[in-house]
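**Student:** Have a look at this one before I ask anything.
The values are calculated or read from the model by the stated rules, or taken from the named source; none is laboratory data. Please read all numbers here as calculations on a predicted model, not as lab measurements. So basically every Cβ, Gly included, is an ideal-geometry build from the backbone, and we count neighbours across all protein chains shown. Note: areas computed on protein heavy atoms with side chains; ligands, DNA, RNA excluded. Shrake-Rupley method; radii C 1.70, N 1.55, O 1.52, S 1.80 Å.
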Amino acid sequence: MVESDNNSAATTLIKIEGLYKLFGNNPKKYMPLVHEGKSKDEILAETGHTLGLKDINLTINKGEIFVIMGLSGSGKSTLIRHFNRLIDPTEGVIEVEGTDVMKLGPKELEQFRRHKMSMVFQRFGLLPHKSVVDNVAYGLSIQGVSKSESKAKAVEWLATVGLAGYEDQYPAQLSGGQQQRVGLARALCTDAEILLMDEAFSALDPLIRSEMQDQLIELQEKLHKTIIFITHDLDEALRIGDRIAILKDGEMVQQGEPEDILLNPANDYVEAFVRDVNRARALTVETVMKDPAYRITASTIEDALKQMKGFKEDYGYYVNEDGYQGVLTEETLQAAFDDDKKADLDSLQYEDLEAISQDAVLETVIPDTLNSQYSLPVIDDDGKITGRLSRSTLAEVLGNDDKVTEEKPAEPKSN
Amino acid sequence: MADASWLSEIPQLSRGDLRDIRKYLDTAYRDFSREYGEMIEGFFDPLLTFLVWFEKLLLATPWWLVIAIVAGLAYLSSRSWKLSLGVVISFFMIGYFGMWDNTMRTMSIILVCTFMAIALGVPIGIAMARSDRVQSVVTPLLDIMQTMPAFVYLIPVVMLLGIGKIPGVIAVIIYAIPPVIRLTNLGIRLVDKDVLEAATAYGANSMQRLMGVQLPLAMPTIMAGINQTIMMALSMVVIASMIGVKGLGQPVLKSITNQYFTLGLLNGLAIVALAIIFDRVSQAYAKRSQRHLGGMDNG
Ligand SMILES: Nc1ncnc2c1ncn2[C@@H]1O[C@H](COP(=O)(O)OP(=O)(O)OP(=O)(O)O)[C@@H](O)[C@H]1O
Ligand SMILES: [Mg+2]
C-alpha cells in the first residue's frame, strides 16, 4: 500500500496485530462472540460488554506522523492507550521496536513508559499543584534525573514552545492553548522517541489550534519523532499526517496516505468525513495530475511532429537540455514542417506557458489552470516535467461528489 | 391460639438464656483482659511515657512562651494578625480565669490524639482508596465507630486497661478518627483521573503516584478530615474525663454533679476557644497551601 517514493527505506517501529479489546467484567468469556462477527451493539445488548477495538492491524514507521481518526466513541483513545499499555488488550500483539510490550513486567513497563514514549492529553493532564516548569520536568523527575538538570532542560523546552517567562506560574493561571503547550513541552522534555497525542488540539479554538499544528510540524522537521496523533478533524489529519487510519466502532475501515483517503474513500463513513474537507487546500498538484505529460524532446521538426501525432491533444510541451521551454501546437509545427521539415526545433516560435510545481497546493493553481487554454505542465523541484494538470481534472477533483447526497451521514462531531 | 402469639409479640429469647449469654461473654472478656491486660498495657507504655512527658513539658513551659509559640504558629500558618491576636487574648483570658493547667493538659492530649489519628487514619484511608475490598470492610466499621455511643466502647477499654490516660487516648481516637479516614479515602478517589493517567503514562510507579499526585491533590479533602478529627477530639474531652483523663473536662464534670454553673461555663468556653483556634489555624493553613489550585485569584 505504501508507495515507494523517497522514504521507501522506512523502518517499522510499532506493529500491532490482531488487537481486540472488550470492556467488561469477563471479556475472555465473550471473545468467541466477537470472533463470530457480532456487532458492537449486539454484544453490548447480549453481554453488557463494550467492544472497544476489533481486529486492528497496523504498522507505524520510524519518523512518520501517523494519524488515527474516527467519530466520538470509535475507539481512538482506547487504541492509543494500548501503545503504552494504559489499557491492556484482550487479545493481540503490540510490538515496539521488536519487543512485545505485553511481555514486559511491571518494572520494565515503567522503564518503557519513561524512556520510549511520552503522551499529550486532550484535557492536558497537567499537575495542578506543580508550577509550569515542574510540570515540564515531571517526566525527568520520575526518571530520577537531578533537579537542576531536569529544570534546566524544562526551561529550554518551555522556551521552545514559546512559554519563556511562565516557569513559575501554575497551570490554572494559563489559558487552554498555553496549558497544551506546557503539555507538549512536558512530552518533548523526556526525549522519548515516540509521541502519543490524544486529541491534543481538540480542546483549543481554531486559531490557536492551527498555530499549534504549525508548531508541531515545525518541531517535527527538527526532531523527527514518531508521532501518533489522534483527531476527529480530517483537515487537521490531512494537514499533519503522513498516513491516516480511520476507525469506526472499533474497527479499522481505511488506512493509507492522505490522498488515498481523500480520493478513494473506502465507504460511506469515510466519504462523510471527506466531504467537508476543502480539497483545494488539502491536495497538492502531484496527487491529482493523472494525465501523462506531452513531452516533445525531438530536435527536428519532423521528429517533433511524429511525437505530436502520438498525443491525444494537439499540443505538447517543448523540452530541451535546459528543461521545459514552452508549449508547441500542432498547427505551428505543421506550418514549420511544410516550410522546412529538417529545420531545428530550437528556431521555432513556441508559446510561453508558466509551469506549475507539483508540490503546489491546488488552491494556488486554480486561476492559472482555468485561464489557460492548454493543460498546465507540472514540474518537479529539478524542473523536470512530471505530468500535466487539465481544467477538467481540476473540476472533477474539486467538484463535490453527487453520489452521497441521498442520506446525510453523521458529521464528525467534536468531542 | 398460643401458636399465634408471635404475631402480637416479638419472639424473645428466654430470660435465662439471655443471662447465660451475657454472663458467658462477660466472663470471656474478663478472662481475656486478665490474661492479656498487662501485656497490652505494656504495649502502650511508651505512649504513656510520651503523654506524661509532653503534658509535663507544656505545664513546665512559662505561660508567655506557650502563648508566643501558639500565636507564632497561628501566624505562620495563616499570615493573619487578627487570628494571632485572638490566640493571645484567649490564652491570656484562660490563664486569668485559672484554667491554664487544665488547658495545657487538654491541649497535650488533643495534640497527641490528633497526631495519632492522622498517623493511623491517613494510611488506612489510603488502603481504602486502593482497594474496594478494604473499603467495603472498613466503611461499616467506621459507621459503627461513629454511631456507637462513646460510653459503650469505654466499657471494654476500661475493663482492659483500667482508668487513666491511655484508655482516654484510645477512646478519643476511636471517636475522632473516622473523618480523617473517610476523607482521605474520598480525597484520593476523587483525584482527577486524567492527571493520574498522565503520571502513569510518564512511568510513575505507585509510590510516585501516591506521593506526587494523589496525596497532594487530595490534600484539601484530607485537611478537612483532619479539621473534623480535631473538633471531634475536643468534643470528647468531657467524656474522656469520666475515665480519668485530666484536663478541662473534669471541672465540667464536677460542675454537672455539683451544679456549679459558672465553673462549667468557663471551662466550656475554654474548650470552645481551643476548638476555634485549632479550627481556624488548620483551615487557614489548608487554604494557603492549596491556593494555586484555585486559579487566577492570588489570595
Ligand atoms: N473503561 C471503559 N469501560 C467500558 N467501556 C469503555 C471504557 N473506555 C472506553 N469504553 C468504550 O469504548 C468505546 C471507545 O471509546 P474511546 O474513548 O476509545 O472513544 P474515542 O474514539 O476516543 O472517542 P472520543 O472522540 O469521544 O474521545 C466507547 O464505546 C466507550 O464506551
Ligand atoms: Mg478519546
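**Student:** Stokes-Einstein at 20 °C, 1.002 mPa s, Kirkwood radius from Cα pairs: D for the protein assembly as shown in µm² s⁻¹?
**Tutor:** Working: Rh = 32.7 Å.
Stokes-Einstein gives a translational diffusion coefficient of 66 µm²/s.
**Student:** Here is a further query. Too long at a 18 Å Cα-Cα cut-off: which of A:38/A:248; A:76/A:225; A:309/A:384; A:222/A:384; B:56/B:246; A:306/A:341?
**Tutor:** Distance filter (> 18 Å) returns A:76/A:225; A:309/A:384; A:222/A:384.
**Student:** Now, a different point. Return the inverse of the average 1/r over all pairs of distinct C-alpha atoms in region A:69-205, which is the Kirkwood hydrodynamic radius, in Å to one decimal.
**Tutor:** Mean inverse Cα-Cα distance, inverted, gives 15.8 Å.
**Student:** Also, quick follow-up: Express in whole angstrom the spacing between the alpha-carbon centres of region A:322-373 and region A:96-128.
**Tutor:** When both Cα centres are located, 57 Å separates them.
**Student:** Where the centroid of each part is defined by its Cα atoms, how far is region A:264-298 from region B:123-166 in Å?
**Tutor:** Centre-to-centre distance over Cα atoms comes out at 72 Å.
**Student:** Now a separate question. Which values, in whole Å and largest first, are the semi-axes of the equivalent ellipsoid of region A:286-398 obtained as the square root of 5 times each eigenvalue of the Cα gyration tensor? Can you show the working numbers first?
**Tutor:** On the way: eigenvalues 139, 38, 25 Å².
Result for region A:286-398: semi-axes of 26, 14, 11 Å.
**Student:** Next up: On average, how much accessible surface per residue is there in the protein assembly as shown, in Å², for a 1.4 Å probe, leaving out ligands, DNA and RNA?
**Tutor:** Values: 36130 Å² over 714 residues.
Accessible area per residue: 51 Å².
**Student:** Can you work out the FRET efficiency for the pair residue A:334 and residue A:266, with r the C-beta to C-beta distance and R0 = 51 Å, to the nearest 0.05?
**Tutor:** That gives a FRET efficiency of 0.60.
**Student:** Convex hull over the alpha-carbon atoms of chain A: what's its volume per residue in Å³?
**Tutor:** Working: hull volume 76.4 nm³, N = 415.
With only Cα atoms used, chain A gives 184 Å³ per residue.
**Student:** Okay, moving on. Calculate the all-directions average of the projected area of region B:16-290's alpha-carbon convex hull, and give it in nm².
**Tutor:** 18.2 nm²
**Student:** Still on this structure, I have one more. Can you give me the long-range amide H partners of residue A:122? Hydrogens built in the peptide plane at 1.01 Å from N, cutoff under 5 Å, separation of 5 or more residues or another chain.
**Tutor:** Residues meeting the amide H criterion: A:198.
**Student:** May I ask you to evaluate 6.51 cos²θ - 1.76 cosθ + 1.60, the Karplus curve with θ = phi - 60°, for each residue of region A:55-60 and list the ³J(HN,Hα) values in order in whole Hz, giving x for glycine and proline?
**Tutor:** After applying 6.51 cos²θ - 1.76 cosθ + 1.60, I find 6, 8, 10, 7, 10, 10 Hz.
**Student:** Apply the Karplus parameterisation 6.51 cos²θ - 1.76 cosθ + 1.60, with θ equal to phi minus 60°, to every residue of region A:377-387 and state each ³J(HN,Hα) to the nearest whole Hz, in sequence, with x for glycine and proline.
**Tutor:** Values per residue, Gly and Pro as x: x, 10, 10, 8, 4, 8, x, 7, 6, 10, x Hz.
**Student:** Also, I was wondering about something else. Which positions within region B:203-228 get 40 Å² or more of their accessible surface covered by the other protein chains, compared to the chain by itself, with a 1.4 angstrom probe?
**Tutor:** Checking the loss per residue gives B:203, B:205, B:208.
**Student:** Scale the Cα Rg of region B:1-57 by the rule-of-thumb value 2.2 N^0.38 Å and send over the ratio, two decimals.
**Tutor:** With N residues counted in region B:1-57, Rg over 2.2 N^0.38 Å equals 2.23.
**Student:** Let me ask something additional. Please compute, for peptide A:159-171, the average count of beta-carbon atoms on other protein chains lying within 10 Å of each residue's beta-carbon. Intermediate values should be presented prior to the final figure.
**Tutor:** Details: counts 0, 0, 0, 0, 0, 0, 0, 0, 0, 0, 1, 6, 4.
Per residue, the average neighbour count from other chains is 1.
**Student:** Determine the calculated [θ] at 222 nm for the protein assembly as shown from helices alone, applying -39500 (n - 2.57) to every DSSP H run no shorter than 4 residues and normalising by the residue count; nearest 500 deg cm²/dmol.
**Tutor:** Taking each H run of at least 4 residues, the total per residue is -17500 deg cm²/dmol.
**Student:** What's the carbon and sulfur percent of region A:286-398's accessible surface, probe 1.4 angstrom, rounded to a whole number?
**Tutor:** Numbers: 2720 of 6160 Å².
Summing carbon and sulfur atoms, their accessible area is 44 percent of the total for region A:286-398.
**Student:** Right, here's the next one. What is the Cα convex hull volume of region A:130-281 when expressed per residue in Å³?
**Tutor:** Each residue corresponds to 128 Å³ of Cα convex hull volume.
**Student:** If you average over every viewing direction, what projected area does the convex hull of the Cα atoms of region A:1-102 give, in nm²?
**Tutor:** Quarter of the Cα hull surface area: 7.5 nm².
**Student:** Please report, as a whole percent, how much of the solvent-accessible surface of chain B comes from carbon and sulfur atoms (probe radius 1.4 Å).
**Tutor:** About 67 percent, which is the carbon plus sulfur part of the accessible surface.
**Student:** Would you kindly give the portion of the calculated P(r) for region A:198-276 that falls above 14 Å, as a percent of all Cα pairs?
**Tutor:** 64 percent
**Student:** As an exercise, use a Förster radius of 30 Å and the Cβ-Cβ distance of residue B:92 and residue B:120 to find the FRET efficiency, rounded to the nearest 0.05.
**Tutor:** Given R0 = 30 Å and the Cβ-Cβ separation, E is 0.30.
**Student:** While we're here: Let's test this: bin the Cα-Cα distances of region B:124-273 at 10 Å from zero up to the farthest pair and state each bin's percent.
**Tutor:** 11, 30, 27, 18, 10, 3, 0
**Student:** At a probe radius of 1.4 Å, figure out the A/B buried accessible area, summed over both chains, and give it in Å² to the nearest 100. Please report the intermediate quantities before stating the final value.
**Tutor:** Working: alone 20300 and 17890 Å², together 36130 Å².
Buried area (both sides, nearest 100 Å²): 2100 Å².
**Student:** Spelling out what I want: for every residue of region B:100-112, take phi, set θ = phi - 60°, compute 6.51 cos²θ - 1.76 cosθ + 1.60 (Karplus), and round to whole Hz; glycine and proline get x.
**Tutor:** 4, 4, 5, 5, 5, 4, 4, 4, 5, 5, 5, 5, 4
**Student:** Moving on. How far is the Cα center of region B:14-79 from the Cα center of region A:137-165, in Å?
**Tutor:** Here the answer is 49 Å between Cα centres.
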